[in-house]
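The values are calculated or read from the model by the stated rules, or taken from the named source; none is laboratory data. Values in this document were obtained by computation on a predicted structure and should not be read as measured data. No Cβ is skipped: glycine too gets one built from the backbone with ideal geometry, and neighbour counts run over all protein chains shown.
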Amino acid sequence: MVVKAVPKKKTKKVAKRPKVFTGAALKKQAANIERLLRKAYPDAKCELDYRNAFELAAATILSAQCTDKRVNMVTPALFARYPNAAALAAADLHEVEDLIKSTGFYHNKARSLIGMAMALVTNHGGEVPRTMDDLVVLPGIGRKTANVVLGNAFGLNEGIVVDTHVARLSTRLGLTRETDPVKIERALMPLFPRTSWALLSHLLIWHGRRVCDAKKPRCAECVLNRICPSATTQKRVESGKK
Ligand code: SF4
C-alpha cells in the first residue's frame, strides 16, 4: 500500500516589518485591539505582588530580566526583613544580595534597591513620590518603572509601560515602527484614551505572555488574528479546524 505523505500546512513567518496603519485606520486599529483584549482578559492586572508603592517600586526593579513569578517568590522574605524605605536604606548590601540572588543581576539590583530607599528617606520622607519627574531620578528607576508605579500603586495614567511584550506587539499589530521604548510610548499614547493607559500595558503584556510569543506566536488561537497584519495563520474557526 502506498502511503501518501500528508502535505505540511504552509505557515508564514511573522513579518519583521509588518504593515503600519496610519490616520483613521490607525485609530481604528488601536480601538479594536483595546476592545478585543479587554474582552479576552477581563482580569488583566500587574502580576507582581505588592501591598504599597514602596513594594511595587522594589519589585519592579527586581523584575528586570526576570519573571514576575520569580520576583514574587523572593519579595515576601525581602519585605519581611525590610518593610519600608528606612529599613532598606540601612540594609547591609550583602544581605540584600543574598535575598534577591535568584532574580539575576543581583549586585546591581541590590545597589539600586538600597540607593532608591536612601533617596526616598533623604528627599521624600521615606515615601514614594507621585510624579514622573521625581521618580525617574531615583536610583534604579527609569521611565518604565515609574509608569508601573504611577499607574498601579497610585492609579495615575502618566504614560504607557513599554516592556519587551508591549514593544513586540506594537510592531506586530501595525501600531508603530519605532524600536526605542520611549518613542514607542510616545507613538502609543495618542492612540488610546488616557484612562486606558495603565490597563493597556497589562492587556498587551498578558497577550504577549499567553499567546503572542516572541518566537512562536499562536496566531491560530489569537483573538486579534483577523485584524493583525502579522498573523501567520488564519484563525482555526475560520479554516474549519476547531
Ligand atoms: S495574530 Fe495574534 S499571535 Fe499572531 S502575530 Fe498577531 S497578535 Fe501575535
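Values for this structure:
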{"item": "Subset of the stretch 188-198 that is in a helix (DSSP H, G or I) and crowded, with 19+ Cβ neighbours inside 10 Å - its residue that is nearest to the chain's Cα centre (by Cα)", "result": "198"}
{"item": "Test: residue 110 is among the small types (Gly, Ala, Ser) and closer than 15 Å to residue 64 by Cα", "result": "yes"}
{"item": "Cβ-Cβ under 8 Å pairs, at least 6 apart or on other chains, the stretch 196-215 side in the same structural domain as residue 185 (by TED's automatic domain parsing) and among the hydroxyl-bearing types (Ser, Thr, Tyr), far side more than 10 Å from the ligand (Cβ to nearest atom) and at pLDDT below 95", "result": "none"}
{"item": "Candidates 150, 120, filtered to the one that is in contact (Cβ under 8 Å) with a residue 60 or more places away in the chain, part of a helix (DSSP H, G or I) and farther than 30 Å from residue 230 by Cβ", "result": "120"}
{"item": "Flag for residue 171 being assigned to a loop (DSSP other than H, G, I, E, B), in contact with a Lys or Arg (Cβ under 9 Å, 6 or more places away or on another chain) and not assigned by TED's automatic domain parsing to the domain that holds residue 90", "result": "no"}
{"item": "Filtered residues of the stretch 164-220 (kept if farther than 19 Å from residue 44 by Cβ, among the polar types (S, T, N, Q) and within 16 Å of the ligand (Cβ to nearest atom))", "result": "171, 176"}
